[in-house]
Structures are given as C-alpha cells and as structure tokens.
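Undergrad: Input: one structure, supplied below.
The values are calculated or read from the model by the stated rules, or taken from the named source; none is laboratory data. Nothing here was measured: the structure is a model prediction, and the numbers come from that model. All Cβ positions, even for glycine, are placed from backbone atoms using ideal geometry, and neighbour counts span all protein chains on display. Remember, those area values only see protein heavy atoms, side chains included, never the ligands or the DNA or RNA. Shrake-Rupley method; radii C 1.70, N 1.55, O 1.52, S 1.80 Å.
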Amino acid sequence: MERTTCCVVGGGPAGMMLGLLLARAGIEVTVLEKHGDFLRDFRGDTVHPSTLRLLDELGLGDRFARLPQRRLTEMRMHIDGVEVIAGDLRRIPGRHKYIAMVPQWDFLDLLASAAAAEPAFTLRMRSEVTGLRTAADGRVNGVRYLDRSGEDGAAVGRELAADLVVACDGRDSRVREAAGLVPVYREVPMDVWQVKVPAPRDAVKDGRVFLSIGGGQVAATMDRGDFYQTSYLIRRGSDAALRAAGLDRFRDRLGELLGWDRTVTAAIRSWDDVRLLEVTMGRLTTWHRDGLLCIGDAAHIMSPTGGVGVNLAVQDAVAAARILAGPLRARRVSRADLARVQKRRMLPAAVTQRTQDGEHAMLLRPALDGTLRGDRLPLPLRLVRRVPALRTVTGYLGGIGIRPEHAPAFARRPA
Ligand SMILES: Cc1cc2nc3c(=O)[nH]c(=O)nc-3n(C[C@H](O)[C@H](O)[C@H](O)COP(=O)(O)OP(=O)(O)OC[C@H]3O[C@@H](n4cnc5c(N)ncnc54)[C@H](O)[C@@H]3O)c2cc1C
C-alpha cells in the first residue's frame with residue numbers, strides 16, 4: 001500500500017499552503033485533490049495583506065506580483081445612493097496596503113509550482129477521498145480514495161496510509177463527516193447568484209469592490225478589468241421562486257441596482273449563466289480526532305461576507321505547519337499537538353464569524369428586506385463615515401485580522 005507521512009485532503013488555499021510548508025520542512029506530504037485542475041471560478045479571489053506578507057516571507061512575493069491582478073485599497077459600499085467607505089487599507093502597517101484581486105487558480109498554481117520544487121511533495125489531482133482508514137484502536141491512519149488520473153478517467157479505488165490526515169476539503173468536507181465531526185451551524189440570511197458581466201466602459205472603478213445596496217437588492221461587483229465578477233445576493237432558499245419569475249426580471253433588477261443598461265445585462269444569456277452558491281456558516285467544536293485534523297472551511301465554514309475565508313484558511317495552514325512539523329518529523333503526532341493548532345486558530349475563526357454574523361444582521365438582512373436606508377444608516381456605518389481613523393482600523397481588521405501568522409523559519413526563502 002502507498003504511504004506518506006502527512007496526507008492533506010483538498011488542494012484549495014488551506015491544503016496547498018499546508019502541503020508547501022510541510023514539504024519545505026522535509027516532511028513527506030501528499031495532497032489529494034478531486035478536480036483535475038484549479039480552474040474553478042468564484043472560489044474567492046481576494047489575497048489579503050496578511051497573505052501577501054506571508055508570500056514575501058516564502059520568497060514568492062515577486063512571482064505573485066507578476067500575476068495579473070487588480071488592487072483594492074478601500075472597501076467601498078453604495079447604500080441607497082449613499083457612499084460608505086467601510087475600510088481603508090492605505091495606512092495599515094506593512095508593505096502591502098491593498099487587497100490583491102487575483103483569480104484563485106493563479107494563486108493555487110503558484111503554490112503548486114513552488115511545492116513541486118520540493119522533493120518531499122506529491123500532488124495527486126483527480127483523486128477524490130471517499131473515506132478514512134482507521135486502526136483497531138480507532139486512530140485514523142490514512143484515507144481511501146478514487147483515483148481518476150488514468151487516461152480513460154475510470155475510477156480506481158486506492159488507499160493511502162499516513163501518520164496524519166489533514167482535512168482541507170472545504171465547506172462540505174467528506175473527511176469531517178467520515179470522522180463523525182459535526183459543525184454547529186449558524187443562520188445566514190442569503191444565498192448567492194454568481195454572474196460574469198462585461199464591464200461597461202464608463203463604469204470601471206479602479207479595481208474597487210463595490211457592495212451595492214438598494215431597493216431590497218444587494219450585489220458585490222469585483223472589477224476584473226474587462227468583466228465584473230458579480231455576486232448577487234438572494235434571500236436564503238429563494239432560488240427556485242426567483243428563477244420562476246423569469247430571467248428578464250433578474251436582468252432588469254440587476255441593471256437597476258448597478259446602473260447597467262440592457263446591452264450589459266444581455267450578457268446573461270440564460271439561467272445557465274447564473275450559478276447558485278448556497279451559503280452556509282458553521283464551526284466545529286473539536287477540530288481533531290486521533291490521527292486527524294480539520295482546518296480551513298473543513299473546521300469553520302465561512303460566509304462570503306467580507307471575503308476573508310481564503311485568508312483565514314491560509315493562516316490556519318501556516319499555524320498547523322509550524323506546530324506539527326516537529327511531531328510529524330518525529331512521527332509522533334499526539335491529540336495534544338492537534339489541540340494546539342485548534343487553540344491557536346479558534347479565536348481568529350470565532351471572531352471573524354462573529355463579525356460576519358454582525359454584518360449579516362446589521363447590513364445584509366435589512367438590505368434584502370428593503371429596510372436599510374441611506375438616510376438611516378446603522379450607527380457603526382455612520383461612525384466610519386465620520387471618523388477616517390476608524391476606517392483604518394476596519395481596514396486593518398479586514399486586511400490583516402487578529403493573530404496573523406508568519407512563515408516558520410524552515411519554510412522561508414530569499415526573494
Ligand atoms: C459564494 C461564496 C463566495 C466566497 N467568496 C470569497 C472571497 O471572495 N474571498 C474569500 O476570502 N473567501 C470567499 N469565500 C469563502 C472561501 O471560499 C472559503 O472560506 C475558502 O475557500 C476556504 O478554503 P479551504 O482551502 O478551506 O477550502 P476550499 O477552498 O473549499 O478548498 C477545498 C478543496 O478540496 C477539494 N475537495 C473537496 N472534497 C474533496 C475530496 N473528497 N477529495 C479530494 N479533494 C476534495 C475541492 O475540490 C477544493 O479544491 C466565499 C464563499 C462562498 C460560499
């Protein structure tokens with residue numbers, strides 16, 4: 001049977017970062033990713049200053065800077081005709097005073113190519129984990145997976161033995177379920193429709209994200225140069241009813257909210273161009289079992305609000321690599337080691353989710369109900385409008401967050 005020291009399930013931001021860091025520590029690591037590439041849209045394209053600094057420490061900052069990207073220095077909203085700058089990154093500490101908007105596949109490709117340079121690293125694409133292997137004493141000691149990497153794409157059942165399995169398989173984590181770990185879910189008011197719309201010439205706004213709110217509608221537009229990646233929020237569970245109301249109605253409503261005429265919204269040709277992403281939010285009480293750890297969305301499922309989940313997942317991976325490299329090298333990873341990772345990362349995850357809860361209650365729920373009005377903004381928004389220094393504080397919290405992680409010494413490389 002195949003064997004590795006650490007099996008990482010899922011090649012998203014958490015999994016690829018963890019794979020890279022452990023490989024740089026000289027630990028045999030195998031990442032199993034169910035898809036054949038990283039080319040999936042709408043996975044979250046925000047790379048925050050905390051992650052940019054980490055890339056510098058890993059010697060990858062220059063390569064990252066060469067990726068096509070747009071830079072966001074302010075978090076701007078339009079509420080019922082009133083402009084609110086909810087966060088300003090221009091005065092936060094450090095070299096990177098912006099959020100880089102980069103297609104996530106470019107970011108993951110960068111991590112994958114850096115990891116490929118490490119002899120201890122293996123990435124298996126088209127490898128979908130279906131279950132866990134356990135020893136007689138109940139300790140997880142590997143995974144079962146379906147390997148579809150053959151030329152004919154046929155699924156071949158395989159097993160991979162490992163000293164430690166790390167679940168980085170995202171919000172619907174199969175590994176988490178197989179381990180019997182159940183998140184405590186939190187209420188969210190919305191689901192998301194994702195559409196791509198060509199940027200109207202006169203509407204390109206220097207790569208800023210605009211959260212636009214008005215008339216019971218909410219949309220976040222990410223300026224990607226020649227198109228807008230648009231997230232249109234709908235009330236949770238209302239997808240079928242809204243689709244039944246017809247595509248023209250959606251085009252008109254979106255156009256009305258964003259000031260786009262029909263030539264722009266005509267780019268949405270059919271409902272196939274409107275992708276539903278069901279939003280869930282929740283967190284495990286215990287992130288580990290003997291031989292198994294969950295990090296990223298597998299441990300704490302993030303709402304898209306604030307666009308922070310990718311960076312939180314990356315930070316989890318850094319903490320996990322720093323804390324577990326020693327025990328993995330000694331091939332003795334205890335429950336206490338795994339608990340240390342949870343202890344380190346629980347606070348940032350809990351605070352970020354609490355903030356998202358607050359944003360849902362203060363902003364998004366009333367916005368979708370049509371009760372949020374520009375002339376009666378909630379107190380926190382009135383304060384950030386009036387006090388510029390507060391915008392730097394919110395920019396810091398959004399861009400760097402609490403307990404940012406630094407690359408461990410074993411993973412650092414010169415630029
Ligand atoms: C609609 C929406 C929009 C969002 N927008 C943003 C944003 O703009 N910015 C932001 O920071 N966050 C955003 N988020 C949150 C963000 O997507 C997550 O927090 C983040 O992706 C978590 O990273 P991860 O590595 O833990 O998991 P994921 O990114 O979900 O990666 C999991 C990986 O595991 C693989 N996988 C899954 N199951 C298996 C299996 N059984 N075997 C092998 N591989 C498997 C998947 O293919 C995937 O590659 C958004 C979330 C939603 C719902």
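Undergrad: Name the residues in the range 207-253 that are touching a residue at least 60 places away in the same chain (Cβ under 8 Å), within 16 Å of the ligand (Cβ to nearest atom) and assigned to a loop (DSSP other than H, G, I, E, B), would you?
TA: Gly207, Arg208, Arg224
Undergrad: Now for a different question. Only one of (1) away from the ligand (no atom under 13 Å from the Cβ); (2) assigned to a strand (DSSP E or B) is not met by Pro119, so which one is it?
TA: Looking at each condition in turn, Pro119 falls short on (2).
Undergrad: Scan the range 314-321 and tell me whether some residue there is on the phi < 0 side of the Ramachandran plot, surrounded by fewer than 18 Cβ atoms within 10 Å (Cβ to Cβ) and touching a residue at least 24 places away in the same chain (Cβ under 8 Å).
TA: Step one: list which residues in the range 314-321 are on the phi < 0 side of the Ramachandran plot, which gives 314-321.
Among the residues that remain, those that are also surrounded by fewer than 18 Cβ atoms within 10 Å (Cβ to Cβ) are: none.
Within the range 314-321, not a single residue is on the phi < 0 side of the Ramachandran plot, surrounded by fewer than 18 Cβ atoms within 10 Å (Cβ to Cβ) and touching a residue at least 24 places away in the same chain (Cβ under 8 Å).
Undergrad: Across the range 94-114, what is the number of residues that are assigned to a helix (DSSP H, G or I), buried (at least 22 other Cβ atoms within 10 Å of the Cβ) and not hydrophobic (A, V, I, L, M, F, W, C)?
TA: Of the residues in that region, 0 qualify.
Undergrad: Among the residues of the range 19-29, is there at least one that is open to solvent by less than 10 Å² (accessible area, probe 1.4 Å), touching a residue at least 12 places away in the same chain (Cβ under 8 Å) and in contact with a Ser or Thr (Cβ under 6 Å, 6 or more places away or on another chain)? Before you say what the answer is, go through the steps one by one.
TA: Of the range 19-29, the ones open to solvent by less than 10 Å² (accessible area, probe 1.4 Å) are 19-23, 27, 29.
If we keep only those that are touching a residue at least 12 places away in the same chain (Cβ under 8 Å) too, we end up with 19-23, 27, 29.
The next check asks that each one be in contact with a Ser or Thr (Cβ under 6 Å, 6 or more places away or on another chain); those that pass are 27.
Scanning the range 19-29 turns up at least one residue that is open to solvent by less than 10 Å² (accessible area, probe 1.4 Å), touching a residue at least 12 places away in the same chain (Cβ under 8 Å) and in contact with a Ser or Thr (Cβ under 6 Å, 6 or more places away or on another chain).
Undergrad: Can I ask one more? Of all residues in the range 150-201, which are hydroxyl-bearing (Ser, Thr, Tyr) and more than 22 Å from Thr5 (Cα to Cα)? Outline the logic, then answer.
TA: Taking the range 150-201 as the starting set, the residues that turn out to be hydroxyl-bearing (Ser, Thr, Tyr) are 173, 185.
Passing the criteria: only Tyr185.
Undergrad: Name every residue in the range 1-39 that is outside any strand (DSSP E or B) and either of a type in the set (Ser, Thr, Tyr) or within 6 Å of the ligand (Cβ to nearest atom) (or both), in order of residue number.
TA: So in the range 1-39, the residues outside any strand (DSSP E or B) come out as 1, 10-28, 33-39.
Hits for the range 1-39 are Gly10, Gly11, Gly12, Pro13, Ala14, Gly15, Glu33, Lys34, His35.
Conditions (1) closer than 30 Å to Ile234 by Cα; (2) without any contact (Cβ under 8 Å) to a residue 24 or more places away in the chain; (3) aliphatic (A, V, I, L, M), marked per residue:
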{"site": "Asp172", "(1), (2), (3)": "yes, yes, no"}
{"site": "Pro183", "(1), (2), (3)": "yes, no, no"}
{"site": "Val188", "(1), (2), (3)": "yes, no, yes"}
{"site": "Val195", "(1), (2), (3)": "yes, no, yes"}
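Undergrad: Let me ask something additional. Which residue pairs have Cβ atoms under 7 Å apart, sit 6 or more places apart or on different chains, and have a first residue in the range 292-307 that is within 23 Å of Arg236 (Cα to Cα) and a second that is within 6 Å of the ligand (Cβ to nearest atom) and of a type in the set (Asp, Glu)?
TA: Ala298/Asp169
Undergrad: Return the pairs, sorted by first residue and then second, in which the second residue is near the ligand (Cβ under 7 Å from one of its atoms) and among the hydroxyl-bearing types (Ser, Thr, Tyr), the first residue lies in the range 37-62 and is closer than 27 Å to Trp193 by Cα and at pLDDT 95 or above, the beta carbons are less than 6 Å apart, and the residues are 6+ apart or on different chains.
TA: Pairs found: none.
Undergrad: Moving on. When the range 385-415 is examined, which residues are found to be on the phi < 0 side of the Ramachandran plot, surrounded by fewer than 17 Cβ atoms within 10 Å (Cβ to Cβ) and part of a loop (DSSP other than H, G, I, E, B)?
TA: Selection gives Val387, Ile402, His406, Arg412, Arg413, Pro414, Ala415.
Undergrad: When you look at Arg354, is it out of contact with any Leu (no Cβ under 9 Å at 6 or more places or on another chain), of a type in the set (Lys, Arg), within 16 Å of the ligand (Cβ to nearest atom) and under 20 Å from Arg171 (Cα atoms), yes or no? Can you show your working first?
TA: Details: out of contact with any Leu (no Cβ under 9 Å at 6 or more places or on another chain): yes; of a type in the set (Lys, Arg): yes; within 16 Å of the ligand (Cβ to nearest atom): yes; under 20 Å from Arg171 (Cα atoms): yes.
Spelling it out, Arg354 is indeed out of contact with any Leu (no Cβ under 9 Å at 6 or more places or on another chain), of a type in the set (Lys, Arg), within 16 Å of the ligand (Cβ to nearest atom) and under 20 Å from Arg171 (Cα atoms).
Undergrad: For Val264, are the conditions met, namely being open to solvent by 10 Å² or more (accessible area, probe 1.4 Å) and in a helix (DSSP H, G or I)?
TA: Judged against the criteria, Val264 is a match.
Undergrad: Name the residue, out of Ala117, Ala167, Ala162, that is under 30 Å from Gly399 (Cβ atoms) and either modelled with pLDDT under 95 or open to solvent by less than 10 Å² (accessible area, probe 1.4 Å) (or both). First the steps, then the outcome.
TA: Details: Ala117 fails: either modelled with pLDDT under 95 or open to solvent by less than 10 Å² (accessible area, probe 1.4 Å) (or both); Ala162 fails: under 30 Å from Gly399 (Cβ atoms).
Exactly one residue qualifies, and that residue is Ala167.
Undergrad: Looking at the range 172-206, which of the residues that are part of a loop (DSSP other than H, G, I, E, B) and at pLDDT below 95 is farthest from the ligand (Cβ to nearest atom)? Can you show your working first?
TA: Our first condition is that a residue be part of a loop (DSSP other than H, G, I, E, B); within the range 172-206, this holds for 172-173, 179-183, 186-189, 199-200, 204-206.
Filter again for at pLDDT below 95, leaving 199-200, 204-206.
On the way: Ala199: 18, Pro200: 22, Val204: 19, Lys205: 17, Asp206: 18 Å.
Of everything passing the filter in the range 172-206, Pro200 is farthest from the ligand (Cβ to nearest atom).
Undergrad: Can you name the residue in the range 360-379 that is surrounded by fewer than 16 Cβ atoms within 10 Å (Cβ to Cβ) and in a helix (DSSP H, G or I) and is also nearest to the chain's Cα centre (by Cα) among such residues? Break it down into steps so the answer makes sense when it comes.
TA: Taking the range 360-379 as the starting set, the residues that turn out to be surrounded by fewer than 16 Cβ atoms within 10 Å (Cβ to Cβ) are 361, 369-371, 373-376, 378-379.
The next check asks that each one be in a helix (DSSP H, G or I); those that pass are 361, 369, 374-376, 379.
Values: Ala361: 21, Asp369: 27, Gly374: 30, Asp375: 33, Arg376: 32, Leu379: 29 Å.
Step by step, filter the range 360-379, then rank; the result is Ala361.
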